[in-house]
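Below is one structure; the comments refer to it alone.
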Amino acid sequence: MERTLLVVDDSQEFLAMVELALEPLAAENNLRILHATSGEEALSLLETHPSTMVLLTDLAMPTMDGLELIAHCRQRYPLLQVVVLSGATDGASVIKAVRAGATDYILKPPTLVELESALASAITRYTELERAVKIREQLHQYERELAIASEIQRHMLPPSLDEDPAARYRVSAVLMPARHVAGDFYDHWQTTDRQLVLSIGDVSGKGISAALWMAVTKTLLRSHMEQLLSPAAALEATNRALSSNNPQAYFVTATVAVFEPSTGIVTLSSAAHPAPYRVTADGTVERLPTQPGMPLGALETSSYYVTTAQLRHGDRLILFTDGVLDTLSTDLAQQQQRWEQLLDRAIAHGGDLMAAIISELSAQWLSPALPDDITIVSLEYGTQGIARSTRSK
């Protein structure tokens, strides 16, 4: 794109003198010098040369004076640097020029040093402004892309509320990214033999790369679960796939659970993920023992183990990522205790447990921004029983 310098003056002799004086500096900066003898002619040239960097103009011109020209330029060419070359020595003229949008003011006749200095400063200012505008446009584009990625990620997740038509269970979930997109995920679906599969995971790191790894892990886990119908086997198969091609050394903690509604039995397998909790119908909070294996993607030969738990009507199973614990305390020794205390307070609220947990969490945030992604999945066994229990409190 051709860069230009436009000199405007109603005196042809003065235009020729200025052009001759500025030729070396213009050549050094690859600038083409244009000239106009009126404001109207200058605007016409700017139309055909919108990338003009510097406008040098007189104030006293016929028809359209310099102040009008500057005002027009400011509206249409915000980056354009305007240097006034005027014989008006009074302070009022200088103030009017600056208010109109001039960035420099030189008295006629100018010295060569004055012209060169003003032009060099104007070029520097234009270049810096242009760079700032490009950076801002890049940031806006990046924000648009992040918004699209966030929307795509939301559509990848199953519904945040899903109730069994036979009222045997209800699943509710929430995922709050620390940034535009999350490295956390959750999933739930019903198998052909009417079992419920739940999965939750947390990718190391944050941002777009973690979100991409999250999408891969979630897809692999569901695919292997549908084929193998075993949480431990699905974790092992997913781990092998992730470990075999993991140059960035991303790790994923995850829990996979299979719930049998007819018996209330939950079969779980964990890959270094925080142990889930059972909240009984009478409000007791119990941490379920698990045998956590290695994180997914860490060691290709890792093995995973199965744990079973019994849910009774009115019980809830709570799965969560460690972003919940990080929100409550930076002290690892205190995190579990504070989480259990929060669950006790949430249960005491009565009503919707998930809403009460989020309300309690929001009151505990240590900073305006979340330190990590937060994901919580709740399985309520026997929704009719839950409703009766809630109304009785």
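The values are calculated or read from the model by the stated rules, or taken from the named source; none is laboratory data. Predicted model, so just to flag it, every value in this text is computed and none were measured. Because the Cβ atoms are built from the backbone with ideal geometry, glycine has one as well, and the counts that use them run over all protein chains shown.
Scanning the stretch 20-50 for residues that are in contact with a Ser or Thr (Cβ under 7 Å, 6 or more places away or on another chain), of a type outside the set (A, V, I, L, M, F, W, C) and closer than 21 Å to residue 126 by Cα yields a count of 2.
Looking across 343, 325, one residue alone is surrounded by 14 or more Cβ atoms within 10 Å (Cβ to Cβ), in contact with a strand residue (DSSP E or B) (Cβ under 8 Å, 6 or more places away or on another chain) and part of a helix (DSSP H, G or I). It is 343.
Comparison of 267, 238 shows that the only residue that is in contact with a helix residue (DSSP H, G or I) (Cβ under 8 Å, 6 or more places away or on another chain), buried (at least 17 other Cβ atoms within 10 Å of the Cβ), hydroxyl-bearing (Ser, Thr, Tyr) and farther than 27 Å from residue 314 by Cβ is 238. In the set 25, 56, 5, 79, only one residue is modelled with pLDDT under 85 and closer than 27 Å to residue 134 by Cβ; that residue is 25. State yes or no: is residue 291 in contact (Cβ under 8 Å) with a residue 12 or more places away in the chain, surrounded by fewer than 20 Cβ atoms within 10 Å (Cβ to Cβ), of a type outside the set (Asp, Glu) and part of a helix (DSSP H, G or I)? Considered against the rule, which asks whether it is in contact (Cβ under 8 Å) with a residue 12 or more places away in the chain, surrounded by fewer than 20 Cβ atoms within 10 Å (Cβ to Cβ), of a type outside the set (Asp, Glu) and part of a helix (DSSP H, G or I), residue 291 comes out as no.
Considering the stretch 21-40 alone, what residues qualify as being of a type in the set (D, E, K, R) and touching a residue at least 24 places away in the same chain (Cβ under 8 Å)?
From the stretch 21-40, those of a type in the set (D, E, K, R) are 23, 28, 32, 40; that's our starting set.
Answer for the stretch 21-40, where residues must be of a type in the set (D, E, K, R) and touching a residue at least 24 places away in the same chain (Cβ under 8 Å): 32, 40.
Go through the stretch 161-189 and give me each residue that's in a strand (DSSP E or B) and without any contact (Cβ under 8 Å) to a residue 24 or more places away in the chain. First the steps, then the outcome.
Within the stretch 161-189, the first condition is being in a strand (DSSP E or B), and the residues that meet it are 161-163, 169-176, 184-189.
Within the stretch 161-189, 161 is the sole residue that qualifies.
Residue count for the stretch 82-98 satisfying the condition of being surrounded by 18 or more Cβ atoms within 10 Å (Cβ to Cβ), among the polar types (S, T, N, Q) and over 20 Å from residue 116 (Cα atoms): 1.
Of everything listed in (1) modelled with pLDDT under 90; (2) not in a strand (DSSP E or B), the single unmet condition for residue 106 is (2).
Looking at the stretch 206-241, which of its residues are farther than 24 Å from residue 192 by Cα, assigned to a helix (DSSP H, G or I) and under 25 Å from the mean Cα position of the chain (by Cα)? Spell out how you get there, then give the answer.
Initially, the stretch 206-241 is screened for residues farther than 24 Å from residue 192 by Cα, giving 206-214, 239-241.
Then drop every residue that is not assigned to a helix (DSSP H, G or I), which leaves 207-214, 239-241.
Scanning the stretch 206-241 gives 207, 208, 209, 210, 211, 212, 213, 214.
Tell me, please, whether a residue that is touching a His at 6+ places or on another chain (Cβ under 9 Å), farther than 30 Å from residue 245 by Cα and either assigned by TED's automatic domain parsing to the domain that holds residue 177 or without any contact (Cβ under 8 Å) to a residue 12 or more places away in the chain (or both) can be found in the stretch 346-353. No, every residue in the stretch 346-353 fails to be touching a His at 6+ places or on another chain (Cβ under 9 Å), farther than 30 Å from residue 245 by Cα and either assigned by TED's automatic domain parsing to the domain that holds residue 177 or without any contact (Cβ under 8 Å) to a residue 12 or more places away in the chain (or both). Could you please let me know if residue 48 is without any contact (Cβ under 8 Å) to a residue 24 or more places away in the chain, under 27 Å from residue 132 (Cα atoms) and surrounded by 17 or more Cβ atoms within 10 Å (Cβ to Cβ)? No.
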